[in-house]
Structure formats: structure tokens, C-alpha cells
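Please read the structure below before turning to the comments.
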């Protein structure tokens, strides 16, 4: 009788151990099995040694080159650690906002989620322009300049980083050098050649030029608030 109960005890202990191990593996799979959207290339050795939490708390150095964007963890000043790469071509221009990086290049607009250990491409939008020049961001709208034979200004709604929405395109008299926003509805545009134009942006579908002055020596414009 004692042997029977002793055997039953060890059998129960073995079953409990197997059950506990199963729970542990399920939890590990939940934490480490999900990769999320986007493609990220990580440094194989250095990144394993880094605490992922530190990359959120500290700054990330972004480098734009002929082969796309590279992101480095700056936690250790003596050794920058590569934490991610995105795109594989030269970026024409980019803007860093509080939430995302907005970049243009290769005829497309890209929205990148950067403040995370996993640098991810949230979305991209084909702008059908082979000569994108600049991108400016104001109030969840991206203003992109295309400097083909007939220069145009494009407006894209980026409120939802995962689904940017093309709103309109408007011809400009010349290549856009700079855009300065006086408010959500008014902007000043500096064109190549020194023309400074005032634009009404209250209607995203039909932006309108209101006035223009010419200053041949104009190199850049700034708003003093």
C-alpha cells in the first residue's frame, strides 16, 4: 500500500513539473515570438549585449547615406551600436517629428517609426515623381516638392502613419527652396530666383497663392513669433 502511494506521489510531481515547464515556454513564446511589422536589420553581436530598454530612454543617432538610413544606439559614447537599417537608396530629404520620421526618396514618401528598439517602416506612398526635392511637415500634413520640368507642391495627410493620404498637387512657378508656416492655414514659400510667395492652405484640396514679392538676394526665410 505504501509503495502504491509513493509511486503515485512521484507521478504527480512529474506531471506538475511538465505542466509548469509548458507554461514557461508559452510565456517565453509570447514575449519573444512576435516580430511586428517592418523589416529590421540588427547588429548580430553587439545588440545582444545591450539592454533594449536603454534604446527607448536614450537618443538614437540617425545617419542618412547613399544606401539608405542607419540607426545607432548612443548609450555608450565610446562605441556606437548599429540597431537598424532601412531603405537601400539615397534619401532626398527628411523631417523628424515627435512621433515619426518622414522621408522622401526614389519617388516615394516614407513614414518611419523610430523611437523604438525596432526601427520600423510604417508605410510608404508612391508620389509618381522622379525628382523629389524637399519635405516639410506642419500639423500632421506633409508638403513635398517635386522639381521635374513643371515643379509642383504635393500635400499628404500623415495623421495615420500607417496609411498616408494624398490630398492634392499644385503647380509652382519655380523650384521650391523653402516653406515656412505662419499658422496651420498660411505659409510663405521661397522659390529659386528669389520670389517669396504667400499661400492660403486652409483648403488642402485647393491651396491658393495670395501674393508675391521678389528679392534676388533672398537665400532663406524664417518666421519670428
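Return yes when residue 54 is modelled with pLDDT of 85 or more and either within 27 Å of residue 166 (Cα to Cα) or not in a strand (DSSP E or B) (or both) and no when it is not. So residue 54 does not fit the description; no. Using the structure shown, decide if residue 109 is part of a strand (DSSP E or B), crowded, with 18+ Cβ neighbours inside 10 Å and touching a strand residue (DSSP E or B) at 6+ places or on another chain (Cβ under 7 Å). Considered against the rule, which asks whether it is part of a strand (DSSP E or B), crowded, with 18+ Cβ neighbours inside 10 Å and touching a strand residue (DSSP E or B) at 6+ places or on another chain (Cβ under 7 Å), residue 109 comes out as yes. Whenever a residue of the stretch 205-225 is within 13 Å of residue 192 (Cβ to Cβ), it has no partner that is exposed (fewer than 10 other Cβ atoms within 10 Å of the Cβ) and modelled with pLDDT of 90 or more lying with C-beta atoms less than 9 angstrom away and at least six residues away or across chains. Residues satisfying the criterion are absent from the stretch 125-136 (criterion: over 25 Å from residue 181 (Cα atoms), more than 15 Å from the chain's Cα centre (by Cα) and surrounded by 19 or more Cβ atoms within 10 Å (Cβ to Cβ)). In summary, residue 25 fulfils each of the numbered conditions (1) part of a loop (DSSP other than H, G, I, E, B); (2) modelled with pLDDT under 55; (3) exposed (fewer than 11 other Cβ atoms within 10 Å of the Cβ) with the single exception of condition (1).
Which one is surrounded by the fewest Cβ atoms within 10 Å (Cβ to Cβ), of the residues in the stretch 72-86 that are part of a strand (DSSP E or B) and at pLDDT 85 or above? Applying the filter and picking the extreme gives 82.
The values are calculated or read from the model by the stated rules, or taken from the named source; none is laboratory data. As the structure is a computational prediction, the values presented were derived from the model and not from experiment. Using ideal geometry, Cβ is built from the backbone for each residue, glycine included, and neighbour counts are taken over all protein chains shown.
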